[in-house]
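The values are calculated or read from the model by the stated rules, or taken from the named source; none is laboratory data. As the structure is a computational prediction, the values presented were derived from the model and not from experiment. When we count neighbours, we look across all protein chains shown, and the Cβ atoms used for this are built from the backbone with ideal geometry, even at glycine. Areas reflect the complete protein model, heavy atoms only, side chains present, ligands, DNA and RNA absent. Shrake-Rupley method; radii C 1.70, N 1.55, O 1.52, S 1.80 Å.
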Amino acid sequence: MRIAIVGAGSLGTIVGAYLADGGLDVELIDAYQEHVNALNQTGAKVTGTTEFQAKVKAITPDQKSGQYDLVLLLTKQLYNDSILQELLPFLKEDSMVCSLQNGIPEEKVASIVGEKRVIAGSVEFGATFIEPGVSSLTTEYTQFKQYAFQIGELNGEITERIQRVKSVLDLVGGTHISDNLVGTKWSKLLINNAFSGLSAALNGEYGDIIDHETGIVSAAHIADETIKVARANGVTLVKMNGFDIASLELNSEEDIPERVKTLRYVMEPSRLLKASMLQDLEKNRKTEIDYINGVVSSRAEGTGIASPYNDLVVKLVKSAEETQTVPDFDTNIKAFEELLSAQ
């Protein structure tokens, strides 16, 4: 099986390292030339909650050749149109494109590469790009090896090919097959909304949100909004890392202390994670906020469900994009304090 990792950034570097070490024919494809050079010269190095290094093959997008049996899509949704159109000549009729992107991109991916080629998935571990050739695993290692991915067919069937993709990704970390892929993606979206969104809007690691009372209460409200909007759109959320995501719904304000306690426990292994959207802001790049918290804001329209906490995250991140600044935690947390006090 010939495999391409399209978007060999923080996550792709780790995935590529383990697949290459497992003896698979894999190419790491990334537009960052210095990163590609470092990967080829010194290998893919994983730091953080583990230490690991593997020899890999890396190329830039213009160096693609032949055809791939499996493509692991790890680029940002912002670039899907151009990246997927460029990928088409390198796909066979029965090639598989496994979307491991944040948000819910499968409909768009299928519209370009064809629905029959698409397998969707959810990455359940975190990583931070350190420097060319080096990525830091920020999820506790034993959890990473137990819960790294969820994957599934768009129609929920358990097929022979989904089993083959599982066997590939198991070389990286624990891979679980979902028969409710849409629910899987929304469950991952909830975590991204509550913690990646706040990480970017406030300028902090997940641990900063976990430890701050207003931050963690705001995360609980973001999770609640996501659950309610998902249900209004006919989505049934699925468990993540063995945890029932839907149990985070708030039935009344009296539920908040218990939800906060649960979120702190569930997210503790990820406290070192720094959202990729925050890393984008630090580099004056456009973020994926419209495909993260913005999904709740847009899907809430017409449902009668309010989404003030997700809306505020979108507003603060877009303001930072427009001014090309990095948010200030002490300043932006006040906006959430005001929102909480207004309820």
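Numbers for the structure displayed
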| quantity | calculated |
| --- | --- |
| Under-5 Å amide H pairs with residue 59, H placed in peptide plane, nonlocal only | 28, 29, 30 |
| C-alpha center-to-center spacing [region 104-126, region 267-343] in angstrom | 24 Å |
| Rounded to 5, the percent of DSSP beta bridges in the chain classed as antiparallel | 30 percent |
| Karplus-derived 3J(HN,Hα), 6.51/-1.76/1.60, for each residue of region 28-44, Hz, glycine and proline x | 8, 10, 8, 7, 7, 4, 5, 5, 4, 4, 5, 4, 6, 7, 10, x, 8 |
| Extension gain from residue 51 to residue 343, taking 0.36 nm per residue of separation minus the Cα-Cα distance | 100.5 nm |
| Under 22 Å from the Cα of residue 188 - lysines, other chains or at least 8 residues apart | 76, 108, 145, 166, 228, 239, 261, 274, 286, 315, 318 |
| Residue 305-residue 232 pseudo-label distance in nm [points 7 Å out on the Cα-to-Cβ vector] | 0.6 nm |
| CD proxy at 222 nm, helix term only [per DSSP H run n ≥ 4: -39500 (n - 2.57); per residue of the chain; nearest 500] | -13500 deg cm²/dmol |
| Under the Debye formula (equal points on every Cα, no solvent term), log10 I(q)/I(0) of region 134-282 at q = 0.12, 0.14, 0.17, 0.20 Å⁻¹ | -0.54, -0.73, -1.04, -1.30 |
| At R0 = 25 Å, FRET efficiency that the Cβ-Cβ distance of residue 180 and residue 85 yields, to 0.05 | 0.25 |
| Unit charges on C-beta of K, R, D, E only; dipole of region 1-127, Debye | 140 debye |
| The chain: angle of helix 213-232 to the longest principal axis, Cα-based, in degrees nearest 10 | 70 degrees |
| Probe 1.4 Å, accessible area per residue of region 1-103, Å² | 40 Å² |
| Amide hydrogen neighbours beyond the local backbone of residue 96, cut-off 5 Å, H modeled | 70, 71 |
| Options (1) 42; (2) 46; (3) 56 - which one matches percent of Cα pairs over 27 Å apart as calculated here | (1) |
| Net dipole in debye of region 264-307 [+1 Lys, Arg Cβ; -1 Asp, Glu Cβ; about Cα centre; nearest 20] | 160 debye |
| Degrees between helix 181-191 axis and first principal axis of the chain (Cα, 0 to 90, nearest 10) | 60 degrees |
| 17 Å tail of the calculated P(r), region 15-83, as % of Cα pairs | 47 percent |
| Rounded tilt (10° steps) of 256-267 against the dominant C-alpha axis of the chain | 20 degrees |
| Translational D in µm²/s for region 1-131 (Stokes-Einstein at 10 °C, 1.306 mPa s, Kirkwood Rh from C-alpha pairs) | 107 µm²/s |
| Gyration tensor verdict on region 197-307 (Cα atoms; rounded if a/c is under 1.5, prolate if a/b is larger than b/c, oblate otherwise) | oblate |
| Residues residue 213 and residue 155, FRET efficiency given R0 of 35 Å [Cβ-Cβ distance, rounded to 0.05] | 0.20 |
| Extension reserve of the residue 282-residue 255 stretch, reckoned as 0.36 nm per residue once the Cα distance is removed | 6.2 nm |
| Loop-located GluC sites (Glu not before Pro) in region 1-104, at most 16 other Cβ atoms within 10 Å (DSSP) | 51 |
| Compactness of region 79-180 - radius of gyration and Dmax, Cα, Å | 14.6, 40 |
| Alpha carbon Rg of region 245-312, scaled by the compact-globule rule 2.2 N^0.38 Å | 1.37 |
| Accessible area (Å², per residue) of region 184-305, counting only protein heavy atoms and a probe of 1.4 Å | 39 Å² |
| Net dipole in debye of the chain [+1 Lys, Arg Cβ; -1 Asp, Glu Cβ; about Cα centre; nearest 20] | 760 debye |
| Calculated FRET efficiency for the pair residue 330/residue 298, C-beta based, R₀ 30 Å, to 0.05 | 0.50 |
| Sparse-neighbour loop sites [GluC sites (Glu not before Pro); region 217-316; at most 11 other C-beta within 10 Å; DSSP] | 301 |
